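Here is the structure we will look at, set down as structure tokens.
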Amino acid sequence: MLKSAVLGGEGNIESMKITVAGCGKIGMEIVKALSAEGHDVVAVDIDADVINLITNVYDVMGVIGNASDYETLVEANVEKADIFVACMDSDEQNMLACFLAKKMGAENTIARIRNPEYNDNSLGFLRKHLELSLALNPELLTAQEMYNILKFPSAVRIESFSRRNLEMIEIIIPQGSELDGMNLIKMREKFNANFLVCCVQRGNQVFIPDGSFELKIGDKIGITASLTEMSKLMKMVGVLKKKAKHTMILGGSKIAFYLAALINRSGGYAKIIDKNKARCEELAGLLPGTSIIYGDGMQQELLLEEGIESSDAFVSLTGFDEENILTAIFASMQNVPKVIAKVNRDELVEMATKIGVECVVSPKDITSSVVVKYARALENSVGSSVETLYKLMDGRVEALEFLVNSESKLTGIPLKSLSLKKGILLAGIMRGRKTIIPSGNDMISVGDRVVVISGNLGLTDLADILA
């Protein structure tokens with residue numbers, strides 16, 4: 001069995017030429033992520049100070065100019081780009097820039113398109129006729145992640161593989177838990193469920209644990225299982241929480257709109273509080289099944305008057321990280337069962353978790369992960385290709401789903417006979433509708449979807465797991 005390994009190290013990724021146009025919060029995080037992956041990145045922004053900052057911090061080229069201008073794109077060598085990403089403030093400008101980049105020779109184009117009007121029936125039409133490879137909506141992606149957590153509030157994070165046949169959740173071991181001091185062998189023996197603890201974060205260290213690894217209060221643990229088995233395990237462990245039906249949302253942003261719409265469609269109830277009267281009136285017209293409250297949610301009296309104490313969940317989505325953290329802490333003090341805070345600044349994400357905000361979601365991290373996954377999937381893979389990629393444990397672990405084809409060298413061999421790199425764990429095999437939590441006697445077959453947990457960041461092919 002793989003011994004518990006403290007994670008670290010990088011994989012090998014073939015460099016691609018990628019242009020990122022628009023370097024606000026989202027764009028800068030995409031530049032950061034792609035640069036860390038070893039790609040040849042060109043950053044384009046109309047603000048000279050932004051470009052100077054980026055080129056001083058990251059190993060990238062910078063071009064100052066309007067990315068929907070032909071001459072700027074020529075200067076950025078867009079005609080040689082493997083991927084062109086447009087994430088400027090304007091949806092229309094992003095679509096135009098992608099259209100020009102494609103016509104100039106860029107192989108693949110990705111546009112950030114945030115407007116709900118574009119993300120309905122017209123999106124397929126736009127993608128087809130603008131030849132977009134991918135449309136990104138950070139607000140919708142963030143709302144979907146938050147909604148998944150509200151559906152399974154035992155977790156601080158939940159990710160799905162192979163059309164939800166396998167779930168990966170992160171939970172924090174609470175005070176008084178019987179898991180404290182229990183090793184993983186005993187945990188498997190005690191709880192009659194088919195699951196795998198595949199990574200553990202303790203303080204600043206992240207481990208791929210073996211069976212002798214002992215859990216402690218405060219550990220953040222990553223578990224893989226089918227959804228049915230996961231619910232059974234959470235109930236036996238004593239951390240299962242009921243699905244949130246009544247959710248209070250602070251801030252009337254686009255994320256709030258998408259989240260409330262998802263809650264409404266599932267039969268739940270959402271209440272949005274915002275201090276902008278015009279936005280409240282707009283949301284009231286867009287979300288007839290949602291209560292819209294005009295008021296300042298930073299006032300504790302208002303939150304109490306609107307029933308925060310009886311809410312199943314509280315989600316703080318204002319435009320200020322500090323406000324989101326403070327109101328999330330207040331909600332936790334009112335014993336709200338599930339509290340989620342949107343936090344973008346890296347230094348505040350760490351601080352928020354240390355002072356008791358269990359569930360923190362970052363739109364820029366979610367969006368950059370999608371772009372990184374797309375870039376990985378474009379790599380030349382002989383035996384398998386990346387289908388899904390998630391960053392776990394504050395970005396220090398990757399969970400990757402590979403589709404195995406007939407060229408793979410790993411098929412038909414018992415897993416116990418494979419020599420894996422340190423920091424690698426096979427967490428699940430999906431074979432049709434069957435979910436396998438693998439043992440040493442299991443084998444990979446052509447057509448399987450294989451989930452790998454890796455501290456060796458940068459895997460692009462399933463064969464990369466071999467030592």
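The values are calculated or read from the model by the stated rules, or taken from the named source; none is laboratory data. Just so it is clear, the model here is predicted, and its values are computed rather than measured. Glycine gets a Cβ as well: all are built from the backbone with ideal geometry, and neighbour counts include every protein chain shown. To get the accessible areas, we keep the full protein, side chains included, count just its heavy atoms, and leave off ligands, DNA and RNA. Shrake-Rupley method; radii C 1.70, N 1.55, O 1.52, S 1.80 Å.
Can you pull the one-decimal nm distance between simple spin-label points at LEU302 and ASN56, each 7 Å off the Cα toward Cβ?
3.8
If the chain between GLU309 and MET236 were fully stretched, how many nm would it gain, using 0.36 nm times the residue separation less the Cα-Cα distance?
Once the chain is fully extended between GLU309 and MET236, it gains 23.6 nm.
What does the extension gain come out to for LYS186 and GLU71, with contour length at 0.36 nm per residue minus their alpha carbon separation?
34.9 nm
What share of Cα pairs, in percent, lie more than 21 angstrom apart in segment 355-448?
Above the 21 Å cut-off, segment 355-448 has 43 percent of its Cα pairs.
Contact order normalised by length for segment 151-284, with contacts defined as Cα pairs under 8 Å and 6 or more residues apart; what percent is it?
Contact order relative to length: 24 percent.
Report the Stokes-Einstein translational diffusion coefficient (µm² s⁻¹, integer) for the chain, Rh taken as the Kirkwood radius over Cα pairs, at 4 °C with viscosity 1.567 mPa s.
55
Which whole number of Å³ per residue matches the convex hull of the alpha-carbon atoms in segment 208-257?
Dividing the Cα hull volume of segment 208-257 by its residues yields 178 Å³.
Projected area of segment 287-339, taken from the Cα convex hull and averaged over every viewing direction, in nm²?
With every direction weighted equally, the projected area is 3.9 nm².
Obtain the radius of gyration and the Kirkwood radius of segment 237-390 from its C-alpha atoms and give Rg over Rh.
Ratio value, two decimals: 1.04.
Rg (Å, one decimal) plus Dmax (Å, integer) for the alpha carbons of segment 167-325?
My reading of the Cα-based Rg and Dmax gives 19.7, 58 Å.
Regarding segment 312-399, what is the average projected area of its C-alpha convex hull, in nm²?
For segment 312-399, averaging the hull's shadow over all directions gives 6.7 nm².
Contact order normalised by length for the chain, with contacts defined as Cα pairs under 8 Å and 6 or more residues apart; what percent is it?
14
How many Å³ per residue does the convex hull of the Cα positions in segment 309-355 occupy?
61
May I ask for log10 I(q)/I(0) of segment 419-467 at q = 0.14 Å⁻¹, from a Debye sum over the Cα atoms as equal point scatterers with solvent left out?
Those come out to -0.34, one per q.
Per-residue HN-Hα couplings for segment 68-78, Karplus 6.51 cos²θ - 1.76 cosθ + 1.60 at θ = phi - 60°, whole Hz, x for Gly and Pro?
In residue order, the calculated couplings are 9, 9, 4, 5, 5, 5, 4, 4, 7, 6, 4 Hz.
Be a star and scan segment 205-244 for residues whose amide nitrogen sits under 16 Å from the point 7 Å along the Cα-to-Cβ vector of SER439.
Within reach of a label on SER439: 211.
Quick one: if you stick a label point 7 Å off each Cα along the C-beta vector at ALA377 and ASP346, how many nm between them?
That separation, rounded to one decimal, is 2.6 nm.
Kindly rank 74-82, 414-422 from highest to lowest mean number of other beta carbons found within 10 Å of each residue.
Averaged packing, sorted descending, gives the order 74-82, 414-422.
Leaving ligands, DNA and RNA out of it, report the carbon-plus-sulfur percent of the accessible area of the chain at a 1.4 Å probe.
49
Multiply the residue gap between GLU131 and GLU282 by 0.36 nm, knock off their C-alpha separation, and tell me the result in nm, one decimal place.
Extending this stretch completely gives an extra 51.1 nm.
How large is the accessible surface per residue of the chain, computed with a 1.4 Å probe and reported in Å² as a whole number?
About 44 Å² of surface per residue is accessible.
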